[in-house]
Amino acid sequence: MIFASVLLSALEVAVVNAVMTFFSTSPLRSSALCSRSASVSATLSGDLLEFAQAFRGAGFTAVSSVGYYLLPNLALFNVRSEAVHGLPSWTTTSTR
């Protein structure tokens with residue numbers, strides 16, 4: 001479980017690094033702002049989608065849905081607390 005957590009953390013860093021590389025062609029301030037915004041948005045995309053569905057605003061729900069499907073879901077890579085406490089996660093469930 002700890003190996004899976006370390007591997008997923010490295011993969012999360014790789015995805016964030018890819019986003020930063022994508023935005024690196026723009027000027028320094030805007031690339032830093034866009035990279036950090038994309039990273040935070042990708043981490044919170046699932047929560048934002050749930051909030052939009054509870055809010056029930058048509059425009060906000062549509063924008064949140066588009067953002068949810070365009071950004072990587074970095075919350076799936078975060079299994080650190082499960083690894084520390086020995087809890088099962090989606091990485092340890094069997095398909096038998």
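The values are calculated or read from the model by the stated rules, or taken from the named source; none is laboratory data. Since this is a predicted model, take the numbers as computed values, not measurements. Glycine gets a Cβ as well: all are built from the backbone with ideal geometry, and neighbour counts include every protein chain shown.
Here are a few things to note about the model shown:
- Residues of region 1-20 satisfying the condition of being in contact (Cβ under 8 Å) with a residue 12 or more places away in the chain and in a helix (DSSP H, G or I): Ile2, Ala4, Ser5, Leu8, Ser9, Leu11, Glu12, Val15, Val16, Val19, Met20
- The set of residues in region 2-11 that are at pLDDT below 80 and within 13 Å of Leu74 (Cβ to Cβ) comprises Leu8, Ser9.
- Elements of type helices (runs of 4 or more DSSP H) contained in region 21-89, each with 1 or more residues being at pLDDT 80 or above and either of a type outside the set (A, V, I, L, M) or surrounded by fewer than 16 Cβ atoms within 10 Å (Cβ to Cβ) (or both): 28-43, 45-55, 58-70
- For Val79: the one exception among (1) of a type in the set (Val, Ile, Thr); (2) closer than 26 Å to Ala4 by Cβ; (3) without any contact (Cβ under 8 Å) to a residue 40 or more places away in the chain: (3)
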